[in-house]
Amino acid sequence: MKILICDQLNEKVLDELKTLGECFDISLSDNKDDEINENIVDSEIVVIRSGTVLNREILELAKNIKIIARCGVGVDNIDLEFAKTKKIAVTNAPSANIISVVELTSSLILNAARKIPQADLSLKNGKWERASFMGIELFGKQLGIVGFGKAGKLLAERMMSFGMEIVFYDPYIKDWDGPEQSTDLDTLLSTSDVISVHVIKTDETKNLLSKDKLDLMKNGSIIVNTSRGGVLDEDYLMELLSSEHIYGAGLDVYENEPPPNTEQFRNLNITSTPHIGASTKEAQLKAGLDTVENIKKILSGDYSVTL
């Protein structure tokens, strides 16, 4: 089989894939888009991460494709409906990068609370501006988690160790009996000191945190998004940061990647990272190995791992 590898994978994962077929790795190509269009025509398996988009136009070129394997959780970069019409099996690795994402989320919350990136840059520029970096404590504050899946629950565990009270909004969870408190979205936004977003991108969650919803946030609060871009109004968030209605923010994902408006981030209490939530050695290895196992199952006739 011809296996097209569109994004960089761990070496161990590549070795495993080579046992299944002939691998064509175009992840480092300077003309990746052209390479995808050329090689997808006769490829039977395509392996991607978040850096590759497989839309209808590209999938229409594929003549022999049987499996699209996404090394990670999000599949909004794949036209799932069109893939289904072409009887292409799509699989992902939804649990592989959760620890890495949660640890980054925790870091972004701490960065916002203590203005760590700004203080670091100031000192490296030869300044000593202690008074400019007055922070806030997390102890005794309320953390509101939007989307209480695996990542949300793991974040709650970690932030409880800071003495934070946890509330969450998730319409799919009923009769919760844990220490965290379930609430509606408006109440969460208006009462939480820190808000962290952990939802997949769907028609339902697109612009979930719109201008009107962001206006509900407490004065002096913090918001972090490491889930998917497009679920909150980024431009309006910058306005709230500029006016200092919101104390700080952390973004790892953006509606358009790379974001075209990074100049907006300057001189604001925001830590902005280039979609690196899953970018740890451990997460990439686990996502890759999980994906290979999924491919093997599909090839053996087990479609339980498909979307």
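The values are calculated or read from the model by the stated rules, or taken from the named source; none is laboratory data. Worth saying up front: this structure is predicted, and the values here are computed from it rather than measured. Every residue, glycine as well, gets a Cβ built from its backbone with ideal geometry; the counts of neighbours run over all protein chains shown.
Things to note:
- Residue in the range 21-30 that is in contact (Cβ under 8 Å) with a residue 24 or more places away in the chain and under 21 Å from Val253 (Cβ atoms) present: no
- Extreme residue, nearest to the chain's Cα centre (by Cα), among residues of the range 33-51 that are buried (at least 18 other Cβ atoms within 10 Å of the Cβ) and not β-branched (Val, Ile, Thr): Ser50
- Residue in the range 12-32 that is crowded, with 22+ Cβ neighbours inside 10 Å and over 11 Å from Thr291 (Cβ atoms) present: no
- The number of residues in the range 189-205 that are surrounded by fewer than 18 Cβ atoms within 10 Å (Cβ to Cβ) and at pLDDT 95 or above comes to 2.
- Single residue of the range 256-287 satisfying the filter (more than 14 Å from Glu103 (Cα to Cα) and of a type in the set (Lys, Arg)) that is surrounded by the most Cβ atoms within 10 Å (Cβ to Cβ): Lys286
- Index of the failed condition, Asp175 passing every other in (1) of a type outside the set (Phe, Trp, Tyr); (2) surrounded by fewer than 18 Cβ atoms within 10 Å (Cβ to Cβ); (3) at pLDDT 95 or above: (3)
- Residue list for the range 181-192, restricted to those being in a loop (DSSP other than H, G, I, E, B) and either in the same structural domain as Val73 (by TED's automatic domain parsing) or out of contact with any Gly (no Cβ under 9 Å at 6 or more places or on another chain) (or both): Asp184
- Here Ala89, Ala93, Ala62 are screened, and the one residue that is among the small types (Gly, Ala, Ser) and either within 25 Å of Ile276 (Cα to Cα) or free of Cβ contacts under 8 Å to residues at least 24 places away in the same chain (or both) is Ala93.
- A single member of Lys115, Lys127, Lys150 is farther than 30 Å from Glu22 by Cβ, surrounded by fewer than 19 Cβ atoms within 10 Å (Cβ to Cβ), touching a residue at least 24 places away in the same chain (Cβ under 8 Å) and assigned by TED's automatic domain parsing to the domain that holds Arg228, and it is Lys150.
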